Amino acid sequence: IIVKHITSYTNKLMGGISPTRLYFDRQQKELYVVSNTKEIIIINEDGIVVYKISLEKLPQTFCVTRDGNIFLSYGSGEIDILNYRGEYKGKLDLSSVPDNTLIAIQSLHIDEDGLTYIGDGRLSRVIVLDSSGKFLYQFGKKGVGEGEFMNVTSITTDNDRAYLLDPALFRVSVFDKRNGKFLFKFGQASSLLGGFSMPSRIDTDGERLFVVDTNRFVVIIFDKEGKPIKEFGGIGRNPENLSWPSDVKVDNNNMIYVTDGGDNGRVQVYELIIPKVE
């Protein structure tokens, strides 16, 4: 496969901000960019900024629901809900979750079925809510063994599986999303192809996994079984390079978006080109 740099959403284009977090709304086909200036910048497929939302503080994690609401968490056990225009609607009711007073939210993800996945850093578990916000099940526990993790900083899902990135253990743990059953894990600390130094975020296009490694300045592409396929980026200020990348998202059309912080202060846009099989 080939990864081609297409364009950069520059600091100037986004109003002088430095991007920290991303979310791609597959329903509206819009990219949400959280900045260090406590704003959310919404960019359409043509690279045009269509809206800006001011926040009271910088969120730990966020995601967008299928009906356009924005879920925000600031590292506590609460999730604030904003509408598409940034108006506060209240908090997500987590009263149905066991030990809900102990939750410390580190990561959020909403899958194609509208299920919400919450990475709880305090109890080292993943909480799954149905599309109405009611508790379905939870899985995981603190540890270093199979099915265990220390701190899930990023979650993504495909049709069948949930993929959990655990930077402290330099690995990705893979679970059956139907019941939370552990399937396998992959990853190791290494500077070689597929190795982790400071993995930060993970996403999937349904066929491949994309992990951004901040300390190696690359995005690593794996197949669904955890075999490394390709890396791209590399430290630098050239159009295709990265400087302290911290997040990665993939859209419906093989476009890859990467926060390129540090001195570059931009969002990098790449295209994944998959050769046709004759």
Checklist entry - For segment 70-120, which residues satisfy the criterion of being surrounded by fewer than 20 Cβ atoms within 10 Å (Cβ to Cβ) and small (Gly, Ala, Ser)? => result Gly75, Ser76, Gly77, Gly86, Gly90, Ser95, Ser96, Ala104, Gly114
Next on the checklist: Let me confirm something: among Glu231, Glu225, which residue is in a strand (DSSP E or B) and either surrounded by 19 or more Cβ atoms within 10 Å (Cβ to Cβ) or at pLDDT 95 or above (or both)?
Outcome noted: Glu231
Checklist entry - Got at least one residue in segment 233-246 being within 14 Å of Ile6 (Cα to Cα) and in contact with a Leu (Cβ under 7 Å, 6 or more places away or on another chain)? => result yes
Checklist entry - Identify, please: which residue in segment 129-159 is under 18 Å from the mean Cα position of the chain (by Cα) and assigned to a loop (DSSP other than H, G, I, E, B) and is, among those, nearest to Cys63 (Cα to Cα)? => result Thr153
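Given Thr20, Thr7, Thr37, which one is polar (S, T, N, Q), closer than 16 Å to Tyr270 by Cα and open to solvent by 10 Å² or more (accessible area, probe 1.4 Å)?
Thr7
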Item to check | Pick from segment 49-69, criterion within 12 Å of Tyr32 (Cα to Cα) and over 19 Å from the mean Cα position of the chain (by Cα), ranking: surrounded by the most Cβ atoms within 10 Å (Cβ to Cβ) | outcome: Ile53
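Restricting attention to segment 242-278, report how many residues are open to solvent by 20 Å² or more (accessible area, probe 1.4 Å), in contact with a strand residue (DSSP E or B) (Cβ under 7 Å, 6 or more places away or on another chain) and under 19 Å from Lys12 (Cβ atoms).
So the count comes out to 1.
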Item to check | Residue tally, condition under 20 Å from the mean Cα position of the chain (by Cα) and either modelled with pLDDT of 95 or more or open to solvent by 60 Å² or more (accessible area, probe 1.4 Å) (or both), over segment 171-183 | outcome: 6
Checklist entry - Where residues in segment 148-170 are surrounded by 17 or more Cβ atoms within 10 Å (Cβ to Cβ) and among the small types (Gly, Ala, Ser), which of them is farthest from Asp130 (Cα to Cα)? => result Ser154
Next on the checklist: Kindly evaluate Val218 against the criterion of being farther than 15 Å from Leu31 by Cα, modelled with pLDDT of 95 or more, open to solvent by 10 Å² or more (accessible area, probe 1.4 Å) and of a type in the set (A, V, I, L, M, F, W, C).
Outcome noted: yes
Checklist outcome for this item: The one condition Gly143 fails out of (1) among the small types (Gly, Ala, Ser); (2) over 30 Å from Lys91 (Cα atoms); (3) buried (at least 16 other Cβ atoms within 10 Å of the Cβ) is (3)
Checklist entry - For segment 116-129, how many residues are modelled with pLDDT under 95 and either of a type in the set (Gly, Ala, Ser) or under 20 Å from Thr65 (Cβ atoms) (or both)? => result 2
Checklist outcome for this item: Filter segment 23-34 for residues that are of a type in the set (D, E, K, R) and open to solvent by 50 Å² or more (accessible area, probe 1.4 Å); the one that is farthest from Thr153 (Cα to Cα) is Lys29
Next on the checklist: If a residue counts only when it is touching a residue at least 40 places away in the same chain (Cβ under 8 Å), which strands (runs of 3 or more DSSP E) contained entirely in segment 16-127 have at least 3 such residues?
Outcome noted: 19-25, 61-64, 105-110, 116-120
Item to check | Members of segment 45-60 that are touching a strand residue (DSSP E or B) at 6+ places or on another chain (Cβ under 8 Å) and over 22 Å from Gly206 (Cα atoms) | outcome: Gly47, Val49, Val50, Tyr51, Lys52, Ile53, Ser54, Leu55, Leu58, Pro59, Gln60
Checklist entry - Since His5 meets every condition but one in (1) within 16 Å of the chain's Cα centre (by Cα); (2) more than 19 Å from Leu164 (Cβ to Cβ); (3) assigned to a strand (DSSP E or B), which condition does it not meet? => result (1)
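The values are calculated or read from the model by the stated rules, or taken from the named source; none is laboratory data. This is a predicted model, so every value here is computed, not measured. Please note: Cβ atoms are built from the backbone with ideal geometry, for glycine as well, and neighbour counts cover all protein chains shown. Quick note on the areas: whole protein, heavy atoms, side chains included, nothing else; ligands and nucleic acids left out. Shrake-Rupley method; radii C 1.70, N 1.55, O 1.52, S 1.80 Å.
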